[in-house]
Structures are given as structure tokens and as C-alpha cells.
Amino acid sequence: MSSKILIIGACGQIGTELTARLREIHGTENVIASDINTRKLELVNSGPFEIIDAKNFNAIKDCCVNYNVDTVYLMAALLSATGEKYPMEAWDLNMNSLFHVLNLAKTGIIKKVYWPSSIAVFGPTTPRDNTPQHTICEPTTVYGITKQVGERWCEYYYNKYNVDVRSIRYPGIISHKAMPGGGTTDYAVEIYHEAIKNGNYECFLSENTSLPMMFMDDAIKATVDLMEAPADHLTIRSSYNLSAISFTPKEIFESIKRRIPEFEISYNPDFRQAIADSWPSSIDDSVARKDWNWQHSFDLDAMTDVMLNELKKKYTHS
Ligand code: SER
């Protein structure tokens, strides 16, 4: 039997596109998509699919054993805004799912793990501009705490048990295929949808809030490149800083307005403003660029072109 990949949380924003890309690279039959339910029928019907609750160790283990899985991408998580509403659920899901996968790797049932961290590991005491790889991490959100602690555990399992775990601190990810769920950076996806559908958008962050962001194609490329990099090139086993573009709500609005002149925006910051204010505005990712040759391709205007074209097609055909 050939080795196989399992994606946990495959129906989410990143999981959807990661599954498609990994199936292109490794073949559909070798990539098992899983999620807690069958909410995304295209994914369920397009290749191997299993219902797995990421909090259920035996469900993950059985799937790994049955399919001879050797690599797991753990994409299930409660994000920053949802985590503030359901703190204990966020802790439960984000931490236990990670332990389950790390422990499967520790016992040798699987060989390699991908686990995403986030800019949410940083906090108000972190240097905000060009935030270094190694710096103060005092997160203020439950989500950020789970990611910070998760990073420590990843490094611990690598050092103590030789677990080949790899991780990226994703910035806000912008995509047109699946909606993000419950994050503070979600406005940068919603704004494109509303520009096409309604011609106006009420933003839940203030106009000059600068945050690190990335187009999905770059995020998927980074994930694949990191997982394919030779192990001896990697100097970070907690999580790599990664950056592409930083912009404010005003700047993304202006990028859209250059293409849709009648587009209007208003600002009505809510509880997510405090979360955004605690995060960096830009990230120093020189270690990722040095260790595994990371380079991004999309700037704000290139991303706006793709987002508007793809969403126009989507809304015209639906
Ligand atoms: N996009 C995430 C959030 O906003 C950050 O990792 O919660």
C-alpha cells in the first residue's frame, strides 16, 4: 500500500484549497479529506472522504491505520473571534486535536505533521512593525493562547520525540472558494463579496488598522513548500513567521474602488477591533525565506484582480 495524506478540517477555508492542491500533486486516491460533517458536497464527492471529529483520538487513529496514512495536515480550529465567544470550546478543540496528532506521530503511526499557527500568537507587547521570528509573545485571545502553547508543544515533540512537525504562522488569508469562519481578518474576504453583491460594505475594523495578509495561492504554496523542504534545512520547529502583504481596510477599499468606482464603505468597529489592535501590522519572515526559499507572488492589486474576477463569475452563475 502506498503512503497517504489525511487532512483534518478539509472543508474549511484553507482545507478546501489545500485538499485540491495536494490531490493534484499526490493523486486523488492518496489524499483523504475529513471534516466533522459533510457540509461541502463537492469535496465529499471528489475523492476519499471521512467524517472525523478532530477531538476524537480513536477516529483519527482508525483512519490513519485503515488508509496507511503517513502525513497529517491538522487544519481544524476555532479562530480568534469565535474563540472569544466560546473560550473553553476553542481550548478543547485547538489543543486536544493537536495532542492527538502529535501523539500518533510519537508512536510512529504517522511520520509527518503539518499544524498551522497564526499571527495571533503575538500581543500588545510584541513589536508591531516587522515583527521578528523570535520576540515577545503575550497573546490576549484564547485562540492566540492555544496557538502559542501549541507552538511550544510542537517544538517539544520535535526535540524530545523526534516528531517531524512543521508549522507556519499564517497571516489573514484571502480567498474566493470557501469563506473563512470566525476570524478577525475575515473582513478582507467579506469586502470583496459585498462589493460585487451590494456595492457597499460596513467594515468591523477601523479604516487605518493595518494587518498582515496573504492571498490563498501564496498560503498554499508556502504550506506545500515547507512540507517538501528537506528536514535538515529547517531551523524552526515551533512555527515560521510568514508574510506577503500588509494593508488597512481603507487601502483594500481603494484597491476595489479603482475597479468598481461606485463601491462605498463605512466603518463600525466591534469587539474584533481590540483583537486587531493587539496584532502586528507587518511581519519579518526572513528565516522562512532563508531556510526554504519562501517568496510570495501576489500584492494587493494582483489579489484584487483575481478576487473580483472570480467572484463576479461565481455570482453570475449562481
Ligand atoms: N485569520 C485568523 C483570525 O483572524 C488569524 O490567524 O483569527
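The values are calculated or read from the model by the stated rules, or taken from the named source; none is laboratory data. Owing to the predicted nature of the structure, the values given are computational and were not obtained by experimental measurement. Here the Cβ positions follow ideal geometry from the backbone for every residue, glycine too, while neighbour counts run over all protein chains shown. Only protein heavy atoms, including side chains, enter the accessible area calculation; ligands, DNA and RNA are left aside. Shrake-Rupley method; radii C 1.70, N 1.55, O 1.52, S 1.80 Å.
Using a cut-off of 27 Å between alpha-carbon atoms, which lysines can reach LYS250, once sequence neighbours fewer than 8 places away in the same chain are excluded?
LYS177, LYS197, LYS312, LYS313, LYS314
Can you order the peptides 99-106, 255-262 by their average number of other Cβ atoms within 10 Å per residue, highest first? Each step should come with its number before you reach the end.
On the way: 99-106: 20.4, 255-262: 14.1.
My ranking of the peptides, most packed first, is 99-106, 255-262.
Does anyone have the angle between helix 142-161 and the longest principal axis of the chain? Alpha-carbon axes, 0 to 90°, nearest 10?
The two axes meet at around 30 degrees.
First obtain the Kirkwood hydrodynamic radius of segment 1-126 from its Cα pairs, then insert it into the Stokes-Einstein equation at 4 °C and 1.567 mPa s, and state the resulting D in µm² per second as a whole number. Don't jump to the answer; show the numbers that get you there.
Values: Rh = 14.9 Å.
Translational diffusion coefficient: 87 µm²/s.
Label point 7 Å out from ASP291 along Cα-to-Cβ: which residues of segment 146-184 have amide N under 17 Å?
148-171
Keeping the other protein chains in place, figure out the carbon and sulfur percent of the accessible area of segment 136-214, with a 1.4 Å probe. It would help to have the intermediate numbers written out before the result.
Values: 1210 of 2810 Å².
Carbon with sulfur: 43 percent of the solvent-accessible area.
May I ask for the equivalent-ellipsoid semi-axes of the chain, computed as the square root of five times each C-alpha gyration tensor eigenvalue and listed largest first in whole Å?
Working: eigenvalues 190, 105, 65 Å².
Semi-axes, largest first: 31, 23, 18 Å.
Once you charge only the Cβ atoms, +1 for Lys and Arg and -1 for Asp and Glu, what is the size of the charge dipole of segment 218-271 about its Cα centre, to the nearest 20 debye?
Working: 6 positive and 9 negative charges, 19 e Å.
About 100 debye.
Can you work out the FRET efficiency for the pair ARG259 and GLU228, with r the C-beta to C-beta distance and R0 = 35 Å, to the nearest 0.05? Show your work: numbers first, answer last.
Values: r = 35 Å, r/R0 = 1.01.
After rounding to 0.05, the efficiency reads 0.50.
Can you tell me the length gained on complete extension of the stretch HIS317 to ASP299, counting 0.36 nm per residue apart and subtracting the Cα distance? Write out the running numbers ahead of the final one.
On the way: separation 18, 0.36 × 18 = 6.48 nm, distance 2.75 nm.
Value of the extension gain: 3.7 nm.
Output the Kirkwood hydrodynamic radius of segment 205-302, Cα pairs only, in Å rounded to one decimal.
Working: mean 1/r = 0.0651 Å⁻¹.
Final number for the Kirkwood radius of segment 205-302 is 15.4 Å.
Of GLU17, GLU151, GLU138, which is the most mobile in a GNM of the chain whose springs link Cα atoms less than 10 angstrom apart?
Between GLU17, GLU151, GLU138, it is GLU138 that shows the largest mean-square fluctuation.
What number comes out for accessible area per residue over segment 205-318 if the probe is 1.4 Å? Units Å², please. Please list the in-between numbers first.
On the way: 4970 Å² over 114 residues.
Using a 1.4 Å probe on heavy atoms only, each residue of segment 205-318 averages 44 Å².
In deg cm²/dmol, rounded to 500, what helix-only [θ] at 222 nm does the chain give when every DSSP H run of at least 4 residues adds -39500 (n - 2.57) and the total is split over its residues?
Numbers: 12 runs with 140 residues, N = 318.
For the chain, the value works out to -13500 deg cm²/dmol.
Quick check: pseudo-label points 7 Å beyond the Cα along Cα→Cβ at ASN37 and ILE136, how many nm apart are they?
About 4.3 nm, to one decimal.
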